[in-house]
1. Restricting attention to region 51-70, which residues are among the hydrophobic types (A, V, I, L, M, F, W, C) and in contact with a helix residue (DSSP H, G or I) (Cβ under 7 Å, 6 or more places away or on another chain)?
2. Residue by residue through region 130-149, note down the ones that are hydrophobic (A, V, I, L, M, F, W, C), open to solvent by less than 60 Å² (accessible area, probe 1.4 Å) and without any contact (Cβ under 8 Å) to a residue 60 or more places away in the chain.
3. Considering region 58-70 alone, what residues qualify as being open to solvent by 30 Å² or more (accessible area, probe 1.4 Å) and assigned to a helix (DSSP H, G or I)?
4. Can you tell me which of (1) at pLDDT 95 or above; (2) exposed (fewer than 13 other Cβ atoms within 10 Å of the Cβ); (3) not hydrophobic (A, V, I, L, M, F, W, C) is the one SER55 doesn't meet?
5. Considering only residues that are of a type in the set (Ser, Thr, Tyr) and either more than 12 Å from ASN73 (Cβ to Cβ) or open to solvent by 50 Å² or more (accessible area, probe 1.4 Å) (or both), which ones fall in region 94-124?
6. Being open to solvent by less than 50 Å² (accessible area, probe 1.4 Å) and either over 19 Å from the mean Cα position of the chain (by Cα) or hydroxyl-bearing (Ser, Thr, Tyr) (or both) is the filter here, so list the residues in region 21-47 that pass it.
7. Restricting attention to region 3-20, report how many residues are aliphatic (A, V, I, L, M) and open to solvent by less than 50 Å² (accessible area, probe 1.4 Å).
Amino acid sequence: MASDDLPVFYKAEKSEIIKIVSLAAAVGLLIPLLSEVISVWVIAPIFCQNPNDISICTNGGMISYYISAVIINIAAVSLLINIDVNKPLVIVFGSLLALWGLKGFLTPLMSGSFVEYLIISVVLYVLCYVAFYWFMRIRSFGLAMFFAAVTVMAVRWILLV
């Protein structure tokens, strides 16, 4: 079969899509939970005792969000590699870039409901992971990266507006 006869997309299997959606939902759920644990058990006891560290204490929620997002997404890369997904690093890194600072965006919109924050986080991570997975199925690496970059910029623009 010549290279011109190859389909544009790699084949997606239903079980692989279900695994990616499940992983993305877990990532979207675990990031806020780990963020709260880090904020309450690490940042507050260490940095909120000294008045000189007040800037770290007031930004503790965002700092803990960033730490938890990196930790959970590193674990997600290894799980996507285990599932044998095509270009797992781009899927995770694109989603991480697109949703970087999600807590800062959602905090003013929420009425203090942590459950609402969890639901929105899960939905957005599932949408991002599935979108990037879909783009990484394109055989042309350059075209896949172009769509990934456009998606990151579009999501960032939507979150900033």
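The values are calculated or read from the model by the stated rules, or taken from the named source; none is laboratory data. Quick caveat: nothing in here was measured; it's all calculated off a predicted structure. Methodologically, a virtual Cβ is constructed for each residue, glycine included, from the backbone with ideal geometry; neighbour enumeration extends over all protein chains shown. Just the protein is used for accessible areas: all its heavy atoms, side chains included, with ligands, DNA and RNA removed. Shrake-Rupley method; radii C 1.70, N 1.55, O 1.52, S 1.80 Å.
1. Passing the criteria: ILE56, CYS57, MET62, ILE63, ILE67, ALA69.
2. Across region 130-149, the qualifying residues are ALA131, PHE132, PHE135, MET136, ALA144, ALA148, ALA149.
3. Hits for region 58-70 are THR58, MET62, ILE63, TYR66, ILE67, VAL70.
4. (1)
5. THR107, SER111, SER113, TYR117, SER121
6. The answer is SER35, SER39, ILE43, ALA44.
7. 2
Quick grid of which residues meet (1) over 19 Å from VAL126 (Cβ atoms); (2) in contact with a Cys (Cβ under 8 Å, 6 or more places away or on another chain):
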| position | (1), (2) |
| --- | --- |
| ILE20 | no, no |
| ALA26 | no, no |
| SER35 | no, no |
| ILE43 | yes, yes |
| GLY60 | yes, yes |
| TYR66 | yes, no |
